[in-house]
Every structure is written in C-alpha cells, then in structure tokens.
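A.B. asks: This is the structure I want to talk about, given as structure tokens.
The values are calculated or read from the model by the stated rules, or taken from the named source; none is laboratory data. In this text the structure is predicted, and so the values were computed from the model without any measurement. For neighbour counting, all protein chains shown are included, and Cβ atoms are generated from backbone atoms with ideal geometry for every residue, glycine included. The accessibility values were calculated without ligands, DNA or RNA, using every heavy atom of the protein model including side chains. Shrake-Rupley method; radii C 1.70, N 1.55, O 1.52, S 1.80 Å.
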Amino acid sequence: MAYDITLEGKNNMEALQLLENVSKILQKNNLDYWLDGGTLLGIVRENRLLPWDDDVDLSMFDPGERSLSKLVKSIKKAGLRVRVKLIKSNDEFFQENDIRVLKIRNKKVFGLIKGKVCLEIFMRKKIGKNTYCRIGKTTQIIPYKYCFPLKTIAFQGHDYLAPELTNEYLTCKYGDWQTPVKKWCVFSDDKSMT
C-alpha cells in the first residue's frame, strides 16, 4: 500500500468523485485510458471500489508532450492538483525523464492542502507485443492484446473504459482474481511485475 488510507467512508466518496471527474477530463481531451489495478478489480468483481484499496488507478499510453500538456492544464482548470512524476534513469524500456505517472488529488483549503485520495494515471509504452509501465523502480509488463481494444463498462451511473479482455487482463496481474486478497502488495504479489 502506497498511501496510508483506505477507500472507506468519506475517502470512498472522494475517490468516486475523483474517478468521475478525471475520466470526463480524459474523454473531453479525446484520450483513451482504462481502469486499472485495484480499481478495475473492484469494479469488475464486486461492483465497488475495494474498501481496503488506498488509491484509484488508471492507465493510458503516453499521448505525447502537446496532448499531455493540454491534459495537465485541463486537470488544473478543473480545480484539481496534479503532479507529473518522471522516470529517473534509462533502462531497456524507458528513457530518463519519460513520464511515469500523473498523481491527481483534490485541493482543499484554497489549494493549500491536498486531498487524501490519490488518483494515479500510469503511462504505458507499447513495445512489440507488450505494454510496459514503471511502478516505483519496477517494470510492469502486460501483453498489448489484454489492454486493447477497450470497452465501456457502467459503474455508479457513469461509463468508464476498460480492457475488452478484462478477465485475461486481471488474470495476468492477479492470477486468481476472483478470490479477494486484502493484504496485497504490487511489488511482491502482482504477477505482471518484473
């Protein structure tokens, strides 16, 4: 768990609102994204955000500097706080200063305090038949065919994008994803991490 919260009570409400707002911003900017990680798992398996999860996860392919700059401006214009985290060193998949993740939160008290819930948009790269993203210092590899094409899934009265091969995508990450595991660590338990 990266954050010291759970998505229960007020945090759940904040997470749902953040998910709705950010997905609308992505759609207005004509950017494909998809529900990812525990967010996708909870919505597909239990029709809710997992109460023991600590953030909201989306993924997308890096849209390029111009589109990303426009996206960041749109997020800020919506009154949200956004931080762009970069890759710190070159490796076989990434270059130093590639965008690793966007971290988005609500602003509170005139923008002086960040909201408790973080929505992360992981930037993926397609190389050959796989997609790659960096989580911390570790690389996650998921076959492209499990990511695209996308489909629309309804949740809490809103439509979101998800991999069409949702079951295969979740199996790649979690193995037996139908069985709830409340104590889970992306670095040691995610089957797609290298």
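A.B. asks: Using a 1.4 Å probe over the heavy atoms of the protein chains, calculate the carbon and sulfur portion of the accessible area of the chain as a whole percent.
C.D. replies: 50
A.B. asks: I need the shape label for segment 83-194. Rule: rounded when a/c is under 1.5, else prolate if a/b > b/c, else oblate, with a, b, c from the alpha carbon gyration tensor.
C.D. replies: oblate
A.B. asks: Could I ask something else about it? So which aspartates and glutamates pass the test for Lys108, namely a Cα distance under 13 Å, with those fewer than 8 places away in the same chain ruled out?
C.D. replies: Reachable aspartates and glutamates: Glu14.
A.B. asks: So for segment 49-194, taking the charge dipole from beta-carbon charges (+1 Lys/Arg, -1 Asp/Glu), which of Thr139, Leu86, Pro180 sits furthest toward the positive end?
C.D. replies: Farthest along the dipole direction, towards plus: Leu86.
A.B. asks: Net charge near Trp184, counting Lys/Arg +1 and Asp/Glu -1 over other residues with Cβ under 14 Å of its Cβ?
C.D. replies: With Lys, Arg at +1 and Asp, Glu at -1, the net is -2.
A.B. asks: With charges only on Cβ, +1 for K and R and -1 for D and E, what is the dipole size of segment 43-100 about its Cα centre, in debye, rounded to 20?
C.D. replies: Value, rounded to 20: 560 debye.
A.B. asks: Quick check: the distance between the Cα centres of segment 111-130 and segment 78-106, to the nearest angstrom?
C.D. replies: 7
A.B. asks: Now for a separate question. Please calculate how many Å² of accessible area the chain carries per residue, with a 1.4 Å probe and no DNA, RNA or ligand atoms counted. Mind showing how you got there, number by number?
C.D. replies: Details: 10220 Å² over 194 residues.
Accessible area per residue: 53 Å².
A.B. asks: With 27 Å as the limit, write out which pairs from Lys24/Lys151; Lys129/Lys151; Lys24/Lys85; Lys10/Lys191; Lys28/Lys107 have Cα-Cα distances beyond it, or answer none.
C.D. replies: Lys10/Lys191
A.B. asks: Further question on the same structure: Could you point to the residue in Asn29, Met13, Leu50 farthest towards the positive end of segment 1-153's charge dipole, with +1 and -1 charges on the Cβ of Lys/Arg and Asp/Glu respectively?
C.D. replies: Going by the charge dipole, the pick is Asn29.
A.B. asks: Please name which of Leu119, Pro149, Gln95 has its Cα lying farthest along the dipole of segment 72-150 towards the positive end, using unit charges on Cβ (Lys, Arg +1; Asp, Glu -1) and the Cα centre as origin.
C.D. replies: My answer, from the dipole projection, is Leu119.
A.B. asks: Using packing as a proxy for protection, rank 155-162, 55-62, 187-194, 131-138 so that the peptide with the highest average count of other Cβ atoms within 10 Å comes first.
C.D. replies: 55-62, 131-138, 155-162, 187-194
A.B. asks: How do 12-19, 92-99, 35-42 rank on mean C-beta neighbours within 10 Å, highest first? Spell out each step's value before the answer.
C.D. replies: Working: 12-19: 18.2, 92-99: 13.6, 35-42: 24.1.
Put in order of decreasing packing, that is 35-42, 12-19, 92-99.
A.B. asks: What ³J(HN,Hα) values, in whole Hz, does the Karplus curve 6.51 cos²θ - 1.76 cosθ + 1.60 give for segment 94-107 when θ = phi - 60°, with x put for Gly and Pro?
C.D. replies: 10, 9, 3, 6, 4, 6, 8, 7, 9, 10, 10, 9, 6, 9
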